[in-house]
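Data first, discussion second: the structure below is written as structure tokens.
The values are calculated or read from the model by the stated rules, or taken from the named source; none is laboratory data. Everything quoted here is computed from the prediction, not taken from an experiment. Please note: Cβ atoms are built from the backbone with ideal geometry, for glycine as well, and neighbour counts cover all protein chains shown. These accessible areas exclude ligands, DNA and RNA; they are computed on the full protein's heavy atoms, side chains included. Shrake-Rupley method; radii C 1.70, N 1.55, O 1.52, S 1.80 Å.
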Amino acid sequence: MMRKKINIIIDGKDYLVDEGTTILNACKEVGINIPHLCYMEDVSSNASCAICCIEVKGSKKLVRSCSYSVWADMEITTNSERIRKARKTNLELILANHPDDCLKCDRNQNCELQKLAWELGVREQHYAKTRTKILPLDTSSPSLIRDPNKCILCNRCISVCSEVQTVNAIDVTGRGLHSRVTTFMDRGLGSSVCTNCGQCSLVCPTGAIVEKSDISSIWRDIYDPDIFTVIQTAPAIRIGIGEAMGMESGALVTGKMVAGIRKLGFDRVFDTQFTADLTIMEEGHELIKRISTGGTLPMITSCSPGWIKFIEHFFPQQLANISTCKSPQQMFGALAKTWYAEQAGLDPEKIRVISVMPCTAKKYEAERPEMNSAFHYWKERKKLKNRSGFPDVDYALTTRELARMFRETGLDFAGLPEEEFDNPLGKSTGAAVIFGATGGVMEAALRTAYEVLTGTTLDKVEFADVRGMEGIKEAEIDIKGKPVRVAVAHTLKNARKLLDEIKEGKSPYAFIEVMACPGGCLGGGGQPIPTTWEIRKKRAESIYREDINLGIRKSHENPEIQALYRDFLIKPLGEISHHLLHTSYSQKSV
Amino acid sequence: MKSSKVQQIDNSLYDSIIAGYRGKPGDLLSVLEDIQTATPHSYLTEPAIRYVAEKMKVPLSRIYSVITFYSFFNLNPQGDHTVTVCRGTACHTRGSRALLADIMIKLGLNEEETGGETSYTTDDMRFTVRTVACFGQCALAPVIAVDGVIFSHMTSEKLEAIIKKLSSAKKPVRRRNP
Ligand code: SF4
Ligand code: SF4
Ligand code: SF4
Ligand code: FES
């Protein structure tokens, strides 16, 4: 629907703008940038910073443009001495309550507060520091660290957590100068309903929420001659890491990524996409089995660990709907330390599996106590020296952390040659790369399930209905004259809607894909900052381009997957799969 | 938290309080206030908060935000008597700091350095000492409130007498905190 246009006067010139939009957005539409800090599109406008102030004719006070709507013939001024001074003062007051830690901060050079201080010309400290006590960090989460000292109370994290994710793990506590963002009873994110999705860390303008970094442990392992380091990269890294290294949004850099990682000194560079194909084999057969034997339907995908924690907290009665398949990250870890270790003649206790994920919740997933199948596998075969156990995946890095490791070595990323993944855990299909976009797991599963169930070849492998950024997508496929309805949801808010339907017994679907983050993994909480809808769309385009580049586009046609079943797993849902590739879930309190 | 003093309250009481405010504006505040008043030692227990969260469909983080915003909500059991010391500027310049120190020593309490308003309760649950940012009674500084009643131009001697009297009283009078 077209919005009505009205005339307003900005800095003495007439412009036609949408009626009802804010002054800030109206100006942006016509190419005039108003500096702002707390405001973020689609996320929050608690109008706390007053950086976006402008003059409106008739108003004595300066007006906060992010929260003030335009009206017909409004006359505004965006640049005057008074405005410039006010903005600077407001910013200096915020900085007076902020540590001068830029040199040691995770967000150094990628911080909205720092950038604004530079842009608005802050060069001196005119105000005495107002933060007198250093507040403790919240390090209770396996995925994130919150530093309340760096928080400017913009509300973005609270609003994302509540409105996009409907998790509500955090809110403001106290009042006035003592206000802080915190969890229930100040117990910390790790003891809360937080899903570790990291969306709050993506929108935070400062370094107040960052991922818990594993980089130093990884450097140590890389340089340890006794340790064999195996790294896996998720689908969404190849369309994110280039961006984090200064290339254009969504740059598709699979070959450079492999070359760069190899330069860091990892012993083998493998691909999570290999186990994404494997996930499709297992999950596809699980779906077929559930449909044919009257199992619990709809079946829901299980690769998004934030989503898993969400359902464990909020919908424990629906856990039987979740596929028992582990995520590709965990399938990889279990295989690397069993099948691959055996093949390569490696001691499983000396292998370290490191993954690069677009996701902060993957750190949590790797730490889940049940994720140690390889340990049990070897224990049963009595081949272990160390009896205390080890995880299948040792460390999960975010895209941002991989970029940090690249920078530490001075790598010229854009100038790298293209290299190939190592084998045998490096070969994948187009069905695997699309796991990185919302709808991708569904599309990949349909490509395989359709062909397995009908015994025929698909004329067209693309399922357009499940692509795109719509919050909930639906499709119906005809399988041997039987219509099968499926749905795809991204963000936990949309997942909640589908779960409510299931709870009420009204869900018409056989299969549902859920990804916790907006846009799917390509918009994950570990991806480069900023991540906006415009950027998500560019990343998605690259993902679908890579689907075509890979040639083979169906998981069951991956020759390495076929070999894995022939030589080791025997068949999908078989005995070994059951032990290594499947898992179970448990209720968690709220 | 002095868990030994926690008394289990029947959920039906919470239910009737919640039902009484259903659909009314500000229902959450009213419910929490009534529950606190009905709870021995005048505070909000975690089971009570969780119950309210579940029944009223309010996130725990939100309730915690509300509780910590208003100083009249308590998260810890309160003593039979509450002495509130004003820490406003006027009271401060007229010796509220020393008054606070005095009463803490007399009641055998240890003061911890914290940022905001604080609250300490004696082990026998007889007294709670709290501080507030300002009573807004600066003309009468230094000001102290005892069980909600304001005492002006307070001195250590006067305060000691008040405490003595309260300590010897057989039956403590229950009141809401200021
Ligand atoms: S949050 Fe930003 S401004 Fe603050 S210390 Fe970090 S980089 Fe500097
Ligand atoms: S990680 Fe996700 S669930 Fe946890 S606080 Fe941040 S936005 Fe909320
Ligand atoms: S933690 Fe970050 S996003 Fe949240 S309120 Fe503070 S500055 Fe804003
Ligand atoms: S951006 Fe408008 S008040 Fe912060």
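Taking a ≥ b ≥ c as the square roots of the Cα gyration tensor eigenvalues, with a/c under 1.5 meaning rounded and otherwise prolate when a/b beats b/c, else oblate, which class fits the protein assembly as shown?
prolate
Which residue, chosen from A:ASN386, A:GLY345, A:CYS38, occupies the Cα position most advanced towards the positive end of the dipole of chain A, where the dipole is computed from +1 (Lys, Arg) and -1 (Asp, Glu) charges on Cβ about the Cα centre?
The residue sitting most towards the positive pole is A:CYS38.
Using a simple spin-label model with points 7 Å from Cα along the Cα→Cβ vector, what separation in nm is obtained for A:TRP219 and A:GLU29?
5.0 nm
What is the dipole size for segment A:360-515, taken about its Cα centre, with +1 at each Lys and Arg Cβ and -1 at each Asp and Glu Cβ, in debye to the nearest 20?
I would put it at about 800 debye.
Enter the mean projected area of the convex hull around the alpha-carbon atoms of chain B, in nm², rounded to one decimal.
With the hull built on Cα positions only, its mean projection is 10.9 nm².
In segment B:2-69, with Lys and Arg counted as +1 and Asp and Glu as -1 at Cβ, which of these residues, B:LEU60, B:SER16, B:THR37, has the Cα nearest the positive end of the dipole, that is, farthest along it?
Positive-end residue among those listed: B:LEU60.
Mind checking which of A:ALA117, A:CYS197, A:LEU446 is farthest towards the positive end of chain A's charge dipole, using Cβ charges of +1 (Lys, Arg) and -1 (Asp, Glu) about the Cα centre?
The residue sitting farthest along the positive end of the dipole is A:ALA117.
What spacing in nm lies between the two simple spin-label points modelled at A:GLU474 and B:MET56, each 7 Å away from Cα in the Cβ direction?
The answer from the label model is 3.7 nm.
Using a simple charge model, +1 on the beta-carbon of Lys and Arg, -1 on the beta-carbon of Asp and Glu, nothing else, what dipole does segment B:2-69 show about its Cα centre, in debye to the nearest 20?
Computed about the Cα centre, the dipole is about 140 debye.
Segment A:1-67 to segment A:160-184: how many Å between their Cα centroids?
The two parts, judged by their Cα centres, are 27 Å apart.
Calculate how steeply helix A:533-549 sits against the longest principal axis of the alpha-carbon atoms of chain A, using the helix alpha-carbon long axis, and give the answer as 0 to 90 degrees to the nearest 10.
With rounding to tens, the tilt is 30 degrees.
Please state the shape class of segment A:476-525: rounded when a/c is under 1.5, otherwise prolate if a/b exceeds b/c and oblate if not, all from the C-alpha gyration tensor.
Cα axes put segment A:476-525 in the oblate bin.
Which Cys residues of chain B have no other Cys beta carbon under 4.7 Å away?
Result for chain B is B:CYS134, B:CYS138, no neighbouring Cys Cβ within the cutoff.
Around A:CYS38, with a cut-off of 11 angstrom between Cβ atoms, what is the net charge of the other residues, counting Lys and Arg +1 and Asp and Glu -1?
Within the 11 Å Cβ shell, the charges total +1.
Taking only Cα atoms, what is the 0 to 90° angle, nearest 10, from helix A:492-503's long axis to the longest principal axis of chain A?
50 degrees
Let me spell out the model: positive unit charges on the Cβ of Lys and Arg, negative unit charges on the Cβ of Asp and Glu, origin at the Cα centre of the protein assembly as shown. What dipole size does that give, in debye rounded to 20?
The calculated dipole for the protein assembly as shown is roughly 2240 debye.
Taking segment A:473-528, which trypsin sites (Lys or Arg not before Pro) meet the DSSP loop condition and have no more than 13 other C-beta atoms within 10 Å?
Here the sparse-neighbourhood loop sites are A:LYS480, A:LYS506.
DSSP loop chymotrypsin sites (Phe, Trp or Tyr not before Pro) in segment B:41-145 with at most 11 other Cβ atoms within 10 Å of their Cβ, which ones?
Of the chymotrypsin sites (Phe, Trp or Tyr not before Pro), the ones in loops of segment B:41-145 whose Cβ has at most 11 other Cβ atoms within 10 Å are B:TYR70.
For helix A:272-293, report the angle its Cα long axis makes with the longest principal axis of the Cα atoms of chain A; keep it between 0 and 90° and round to the nearest 10°.
Here the helix axis deviates by roughly 70 degrees.
If the convex hull of the alpha-carbon atoms of segment A:96-211 is projected onto planes in all directions, what is the mean projected area in square nanometres?
So the Cα hull casts an average projection of 7.4 nm².
Among DSSP bridges having both ends in chain B, what percentage is antiparallel? Round to the nearest 5.
The antiparallel fraction comes to roughly 60 percent.
Apply the a/c threshold of 1.5 to the C-alpha gyration tensor of segment B:21-67 and tell me whether it is rounded, prolate or oblate.
Oblate.
Using the scaling law 2.2 N^0.38 Å as the reference, what is the normalised Cα Rg of segment A:216-581?
Relative to the rule-of-thumb radius for its length, segment A:216-581 sits at 0.94.
Pick out, in residue order, every one of the GluC sites (Glu not before Pro) in segment A:496-580 that is DSSP loop and has at most 13 other C-beta atoms within 10 Å; say none if there are none.
Answer by residue number: A:GLU504.
With the full set of protein chains in place, find how many percent of the accessible area of segment B:2-69 is carbon and sulfur; take the probe as 1.4 Å.
52 percent
For segment B:81-168, give me the percentage of DSSP beta bridges that are antiparallel, rounded to the nearest 5 percent.
Here the share of antiparallel DSSP bridges comes out near 60 percent.
As a test of the definition: which semi-axes, in Å, follow for segment A:262-373 when you take the square root of five times each eigenvalue of its alpha carbon gyration tensor? Largest first, please.
Listed largest to smallest, the semi-axes of segment A:262-373 are 28, 17, 12 Å.
What is the ratio of the Cα radius of gyration of segment A:76-115 to 2.2 N^0.38 Å, with N the residue count, to two decimals?
Normalised Cα radius of gyration, segment A:76-115: 1.45.
Compute log10 of I(q)/I(0) for segment A:5-79 with the Debye formula, placing one identical point scatterer on every Cα and leaving out solvent, at q = 0.17 Å⁻¹, to two decimals.
The Cα Debye sum returns log10 ratios of -0.56.
How far is it, in nm, from the label point at A:GLU501 to the one at A:GLU462 when both lie 7 Å from their Cα along the line to the Cβ?
My value for the distance between the label points is 2.5 nm.
State the antiparallel share, in %, of DSSP beta bridges confined to chain A, rounding to the nearest 5.
Percentage antiparallel, nearest 5: 55.
Show me, for segment A:76-88, the HN-Hα J-couplings you get by feeding each phi into the Karplus relation (A = 6.51, B = -1.76, C = 1.60, θ = phi - 60°), rounded to Hz, glycine and proline as x.
10, 10, 9, 9, 8, 4, 4, 5, 4, 5, 4, 4, 5
Can you name the helices of chain B, as whole DSSP H runs, whose Cα span along the helix axis is 30 Å or more and whose Kyte-Doolittle mean is not below 0.0?
Qualifying helices, which must be both long enough and hydrophobic enough, do not occur.
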